[in-house]
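To start, the structure under review is shown below, and the notes come after it.
Nothing in this text is a laboratory measurement; each read-out follows from the coordinates by a stated rule. In this text, all values refer to a predicted model and were calculated from it rather than measured experimentally. Cβ atoms come from the backbone with ideal geometry, glycine included; neighbour counts cover every protein chain shown.
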Amino acid sequence: MRKAAARIAVVATLSLLAVPGVASARPWGGQGFNDLGPAYLLLGVNNGQAKVRNVQLIIACTDVGDGTESSRAFDARFGNWENLRLNRFSFEFTAFSNGRIGLVRLKGVLRSDGTGAARVRVIASAQGDQGATIERCGGSARIELRRGGN
């Protein structure tokens, strides 16, 4: 009886080691593009949770006063750990970058083969000295991910 229990424990342990888990302490990262330029994402993943170490993309901005358009870089971090659900993540947070405040929405999946994908969307604005909105911005990108250390 003891040998059978020991054998079952060894087989269970070996099978867990053979399956690559998402809940590793390795970072996940990748890049993508939108019409304006490159986008990058770096996630921390540990024990079934993820956090946004850094997300960067180019957003399109329109001046409210004269309607001129320009491209701006947007860079954000979100240090709170969020639970992964079926290896899927979803973040929604506010970030300040290059004089603009933006709502960042980030969703994606981390697959057990060490690959994944994410979609990031940013809606941002800039305020003038009097607090009025002087610029409206937005952008999105799809980012292919890979687990670090593969």
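Given the criteria surrounded by fewer than 17 Cβ atoms within 10 Å (Cβ to Cβ) and either in contact with a Pro (Cβ under 6 Å, 6 or more places away or on another chain) or under 17 Å from Gly29 (Cβ atoms) (or both), does Arg85 qualify?
Working: surrounded by fewer than 17 Cβ atoms within 10 Å (Cβ to Cβ): yes; either in contact with a Pro (Cβ under 6 Å, 6 or more places away or on another chain) or under 17 Å from Gly29 (Cβ atoms) (or both): no.
No; evaluated as a whole, the condition is false for this residue.
Can Phe89 be described as within 21 Å of Leu57 (Cβ to Cβ), touching a residue at least 40 places away in the same chain (Cβ under 8 Å), among the aromatic types (Phe, Trp, Tyr) and out of contact with any helix residue (DSSP H, G or I) (no Cβ under 7 Å at 6 or more places or on another chain)?
yes
Among the residues of segment 118-131, count how many are surrounded by 14 or more Cβ atoms within 10 Å (Cβ to Cβ), without any contact (Cβ under 8 Å) to a residue 60 or more places away in the chain and either touching an Asp or Glu at 6+ places or on another chain (Cβ under 7 Å) or among the small types (Gly, Ala, Ser) (or both). Residues meeting the conditions: 1.
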